[in-house]
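All remarks here apply to the structure that follows.
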């Protein structure tokens, strides 16, 4: 009976050692590398959000960047108004705007830009 217990013990040790030493097959897909890191970030999630669907009152402003004041774009709208659009690290910007660029901005009720998109290709000048 003791020899049976010894054999069972050895079989368990061999089986457990084999399970521990097995490594999962590496993936060869370049796209699979880092997906959990990238897809979990706030910036990645914001790419697929519609800025008009966020909580709170949203105001859309379309205009041409007149100048930049630190972390704010000063925009002249199509209705000849000057609007200051402050932004921060939570603002989604498709690309940095420069003087003369036309942009669409979505502002929250506090007046901060939540989303800024360049629309130079959508503007037709007379």
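Selection of segment 88-109 for residues being assigned to a loop (DSSP other than H, G, I, E, B), touching a strand residue (DSSP E or B) at 6+ places or on another chain (Cβ under 6 Å) and touching a residue at least 40 places away in the same chain (Cβ under 8 Å) yields only 108.
The residues in segment 71-98 that are touching a helix residue (DSSP H, G or I) at 6+ places or on another chain (Cβ under 9 Å) and more than 16 Å from residue 117 (Cβ to Cβ) can be counted, and the count is 0. Among the residues of segment 81-126, the one identified as modelled with pLDDT of 90 or more and on the phi > 0 side of the Ramachandran plot is 100.
The values are calculated or read from the model by the stated rules, or taken from the named source; none is laboratory data. This is a predicted model, so every value here is computed, not measured. For neighbour counting, all protein chains shown are included, and Cβ atoms are generated from backbone atoms with ideal geometry for every residue, glycine included.
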